[in-house]
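The values are calculated or read from the model by the stated rules, or taken from the named source; none is laboratory data. The shown structure was predicted, so the numbers you read here are calculated from the model rather than taken from an experiment. Counting neighbours? That spans all protein chains shown, and the Cβs are built from the backbone with ideal geometry, glycine included. Only protein heavy atoms, including side chains, enter the accessible area calculation; ligands, DNA and RNA are left aside. Shrake-Rupley method; radii C 1.70, N 1.55, O 1.52, S 1.80 Å.
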Amino acid sequence: MNAFINETGAELLKAMRAIEFLLPTLVMPMSFYALFGVMLSGAGKNAIYLLATYGVFAVMGPSIFGFGVGVANERDRGWLQLKRAVPAPPLAYIGAKLLTTLFFAATALLPIYLIAGFFGGVELARGTWVSLFLMHLLSVIPFVLLGLTLGFTLSSGGAVAFSNIVFLGLSILGGLWFPVTIFPVVMQKIAIFMPSYHLGELALSIVNAPGEHTPSTNLMAITVMTLLLTGLTLFAWLRQR
Amino acid sequence: MTITNQPSPLVAEKLSHYFGKKRALNSINIAIPSTGITALLGANGAGKTTLINCALGLLKPSSGDLRVLQGKAGTQAIKQQIGVMLQDADLPDLLTAREHITLFSTYYSNPINIDELIKQCDLIEFADTRYRKLSGGQKRRVQFALAILGRPKLVFLDEPTTGLDIDARRVLWNTIRELSSTGTTIVLTTHYLEEADALADRIMVIDRGQLIADGSANEIRKVVSGAVIRCESNLSISTAEQLSGVRSANRSGRYLEVVTNNGTETLKELLSKDPKLSDLTVQKPTLENAFTQLINTPKKQSTRSNQGELA
């Protein structure tokens, strides 16, 4: 337990000191939401809709970059190898990184909620706010797994490039920036394969945003994807040892 | 060397390890002495690091037997009693030495007090500087501190001074000697003969995954003593081998290379046999010469077993 607490402390310190890395993942979702969700669309319906999807976008950054780039870098420099040679509790490192990611995910979400509530005219029942927050936090899981797979597979340089591609690809193709309904049909078909799309849809159904929602289908899809990603992560982890 | 009844902390029997088709350890038999500093000496790629990584549980040997502190390599119980400095392991840049040590101290059941360790390893000046800003030598000292933090019985130092300048190397040598004087068994790998000579009570030479020589620094040095004479000459190899003191002779192109026990005598005879020889150099034998020498010598492996009563 002591090791886990210290490990989490170390992860938080590292993340805070890499501020140049952290800042974009925290500031970008907030400013995008303020711009597209509130200022340009004049609040109201769009503000609710984009609150749901930008929330997913906000937690994606810390998950994919924290795990993708972070793990790749520390694996590259032999740090993970050293950890395996010493009596470090094997899961403490991953657990600590996960907790750190949740902390920064919450930090990225909060300003978006505040903007939505104070400037976007979004009014939700207290219970709905809580459900939405939990939904957004849980969205971390598939992205963390994706990040881990990248981190275990790529060199630190490759991980930076790939994480960016994955991050932007999932955001746009998953309809987190603009609703997929305004996309051509082909792209709507592609969206079905994006975990970000299903997470966005689930968040949308929680806030009861305009449009048709089929949460049970989305839940099924994201569960299957998460299981697949778990398998992929384990495979990448075993292969890198 | 004093003979102790303590069992060897690291025993490998017919241990092999393959990377794909490449054989890194070739049925090696080794028993590390239970006290003092043992140097595993060998060229890059000889199998030293593979042996250490097997002992740490990082690699699973392809075949053979390996006992570490009378236990199985890689278990948490064994890891508690081992300290390690890996060859290419760098610590995260953004934490300070003190933070690294604090984190690692939570891994061990009986760690050295953090402030004491910082003092002992001479880290005070830069204990609160981020790792990224440290010099190469300072980084190694932090890694060394992590290696001894858990009061280990056995410490592995894999190429501890590679890439360091001579001053930084000396500082680390002193720290290693101090650690040895407290009774910790140390196994270090190096490809510097000089380093093995300066530190080790026992030197084990590893080549192509096998133990090819084992003895005190003096015993090993004898094999490597003498001189290497290189010159442009038409003398045949067989003639060169007849000269007094010559251990081996080789030819590469127009050049003749002679390894000898007695440089002066050999040189005199060489000059009288071939007055026309030119482009002459005389050098101390390199480790490579020693290896050539050791490999060419028919197997006289003096594996002095002191493993006690091991099952």
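Observations, loosely collected:
- Restricting attention to segment A:1-19 and to residues that are more than 21 Å from the chain's Cα centre (by Cα), without any contact (Cβ under 8 Å) to a residue 40 or more places away in the chain and at the interface with another protein chain (Cβ under 7 Å from one of its Cβ atoms), the residue that is surrounded by the most Cβ atoms within 10 Å (Cβ to Cβ) turns out to be A:N6.
- Residues satisfying the stated conditions in segment B:43-65, i.e. open to solvent by less than 30 Å² (accessible area, probe 1.4 Å) and either on the phi < 0 side of the Ramachandran plot or not assigned by TED's automatic domain parsing to the domain that holds B:A217 (or both): B:A46, B:K48, B:T50, B:L51, B:I52, B:N53, B:C54, B:A55, B:L56, B:L58
- For segment A:139-181, a residue qualifies if it is more than 15 Å from the chain's Cα centre (by Cα) and surrounded by fewer than 17 Cβ atoms within 10 Å (Cβ to Cβ), and the qualifying residues are A:S155, A:G157, A:G158, A:A161, A:F178, A:T181.
- B:Q70 vs. criteria open to solvent by 20 Å² or more (accessible area, probe 1.4 Å), more than 12 Å from chain A (Cβ to nearest Cβ) and of a type outside the set (V, I, T): yes
- Wholly within segment B:156-229, helices (runs of 4 or more DSSP H) carrying at least 3 residues that are of a type in the set (S, T, N, Q): B:166-181
- Filtered by the rule that a residue be open to solvent by 10 Å² or more (accessible area, probe 1.4 Å) and modelled with pLDDT of 90 or more, segment B:219-254 gives B:R230, B:E232.
- Boolean, A:T101 is surrounded by fewer than 17 Cβ atoms within 10 Å (Cβ to Cβ), part of a helix (DSSP H, G or I), away from chain B (no Cβ under 14 Å) and of a type in the set (S, T, Y): no
- Of the residues making up segment A:28-50, not a single one is open to solvent by less than 40 Å² (accessible area, probe 1.4 Å) and within 11 Å of chain B (Cβ to nearest Cβ).
- Top-ranked residue of segment B:79-113 - restricted to ones that are open to solvent by less than 40 Å² (accessible area, probe 1.4 Å), more than 9 Å from chain A (Cβ to nearest Cβ) and part of a helix (DSSP H, G or I), ranked as nearest to B:R130 (Cα to Cα): B:A97
- A:G95 touching a residue at least 24 places away in the same chain (Cβ under 8 Å) and within 14 Å of chain B (Cβ to nearest Cβ): yes
- Inter-residue pairs, beta-carbon under 9 Å, first at positive phi and in segment B:237-261, second surrounded by 14 or more Cβ atoms within 10 Å (Cβ to Cβ) and hydroxyl-bearing (S, T, Y), 6+ apart: B:G245/B:T260; B:G245/B:T266
- B:G83 out of contact with any His (no Cβ under 8 Å at 6 or more places or on another chain), at positive phi and in contact (Cβ under 8 Å) with a residue 12 or more places away in the chain: no
- Tabulated pairs, segment A:64-77, first within 14 Å of another protein chain (Cβ to nearest Cβ), second surrounded by 24 or more Cβ atoms within 10 Å (Cβ to Cβ) and basic (K, R), C-beta under 7 angstrom, 6+ apart or interchain: A:G66/A:K97; A:G70/A:K97
- Given (1) more than 14 Å from chain A (Cβ to nearest Cβ); (2) open to solvent by 10 Å² or more (accessible area, probe 1.4 Å), index of the condition B:F19 fails: (1)
- Every residue from segment B:127-161 that is open to solvent by less than 50 Å² (accessible area, probe 1.4 Å), of a type in the set (S, T, Y) and more than 13 Å from chain A (Cβ to nearest Cβ): B:T161
- Output for segment B:31-66, where each listed residue is more than 14 Å from every other protein chain (Cβ to nearest Cβ) and within 13 Å of B:L154 (Cα to Cα): B:I32, B:P33, B:S34, B:T35, B:G36, B:I37, B:T38
Listed here are the residues, each with its yes/no results for (1) in contact (Cβ under 8 Å) with a residue 60 or more places away in the chain; (2) part of a helix (DSSP H, G or I); (3) over 30 Å from B:I82 (Cα atoms).
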site	(1), (2), (3)
A:A116	yes, yes, yes
A:V130	no, yes, yes
A:L137	yes, yes, yes
A:F152	yes, yes, no
A:A161	no, yes, yes
A:N164	no, yes, yes
A:G169	no, yes, yes
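- The one condition in (1) at pLDDT 95 or above; (2) surrounded by fewer than 17 Cβ atoms within 10 Å (Cβ to Cβ); (3) aliphatic (A, V, I, L, M) that A:I112 fails to fulfil: (2)
- Flag for B:R169 being among the charged types (D, E, K, R), crowded, with 16+ Cβ neighbours inside 10 Å, touching a residue at least 12 places away in the same chain (Cβ under 8 Å) and more than 14 Å from chain A (Cβ to nearest Cβ): yes
- Flag for B:T175 being within 14 Å of chain A (Cβ to nearest Cβ), modelled with pLDDT under 95 and under 24 Å from the mean Cα position of the chain (by Cα): no
- Within segment A:212-233, the only residue that satisfies the criterion of being open to solvent by 60 Å² or more (accessible area, probe 1.4 Å) and in contact (Cβ under 8 Å) with a residue 60 or more places away in the chain is A:L232.
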